[in-house]
Amino acid sequence: MGIFENTVLVDKKVSMGNVVGRGICIVLFSFCVLLSIYPFPLLLVLPAALIGGVWYLLKFNASVEYEYTYIEGRLTVARIKGKRKRKTLARIEMEEVILIAPSTAHELYKYQNDKSIITKNCTSGNPDVRTYEVIYKTEDGQNRVIFEPDEEMLDKIAVRNAKIMIR
């Protein structure tokens, strides 16, 4: 039997607060540089450098992608920041999964309202996209991951795990 593999990459929507913060940083940086040129030579260079650093951090945190990989009974969810820093958020074995369903499914209501379940939102933030939730067991209890798989990934997961999946 062949290996079932599928990878989906989703860009996270940039928040309005991040965009506004970067704009404010650009204005303050320009103001500090202009004032440090003539009226106050070299006095505002350090604040300008600090503001430039804050802008860089905001820019770096604005570029976030989520990667979902399904290989032979394991779903891996990772976050990629700035197209270079990768962190695995969840490794889910299908034997641990209780339920995979669309976020609007009524079977998920008891899990969505349970405050003891750890939730990781790994979606783009786009309201038009259909999201799915995976409820799975760990040694700490139950966890929930919200993600945006494509139809091909859902098909590959459903081949072996039809009993735990709602389409």
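The values are calculated or read from the model by the stated rules, or taken from the named source; none is laboratory data. Just so it is clear, the model here is predicted, and its values are computed rather than measured. All Cβ positions, glycine included, derive from the backbone under ideal geometry; neighbour counts span all protein chains shown. Quick note on the areas: whole protein, heavy atoms, side chains included, nothing else; ligands and nucleic acids left out. Shrake-Rupley method; radii C 1.70, N 1.55, O 1.52, S 1.80 Å.
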Complete set of residues in the stretch 113-128 that are in contact with a strand residue (DSSP E or B) (Cβ under 8 Å, 6 or more places away or on another chain) and open to solvent by 30 Å² or more (accessible area, probe 1.4 Å): Asp114, Ser116, Ile118, Thr119, Lys120, Asn121
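Quick one: which residue in Ile71, Ile80 is among the hydrophobic types (A, V, I, L, M, F, W, C), open to solvent by 50 Å² or more (accessible area, probe 1.4 Å) and closer than 24 Å to Val134 by Cβ?
Checking each option against the conditions leaves just Ile71.
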Top-ranked residue in the stretch 13-23 [being of a type outside the set (S, T, N, Q) and open to solvent by less than 90 Å² (accessible area, probe 1.4 Å); ranked as farthest from Gly53 (Cα to Cα)]: Val14
Pairs under 7 Å by beta carbon, first residue over 13 Å from Gly125 (Cβ atoms) in the stretch 10-33, partner charged (D, E, K, R), six or more apart or different chains? Arg22/Lys59
Per the list (1) within 27 Å of Asp155 (Cβ to Cβ); (2) without any contact (Cβ under 8 Å) to a residue 12 or more places away in the chain, residue check on Leu43 breaks on (1)
Check Arg86 against each of (1) open to solvent by less than 70 Å² (accessible area, probe 1.4 Å); (2) in a strand (DSSP E or B); (3) not hydrophobic (A, V, I, L, M, F, W, C) and name the one condition it does not meet. (1)
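Residue by residue, here is whether (1) farther than 12 Å from Ile98 by Cα; (2) in a loop (DSSP other than H, G, I, E, B) holds:
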site	(1), (2)
Asn126	yes, yes
Val129	yes, yes
Val134	no, no
Lys137	no, no
Gln142	no, no
Ile146	yes, no
Glu152	yes, no
Ile157	yes, no
Arg167	yes, yes
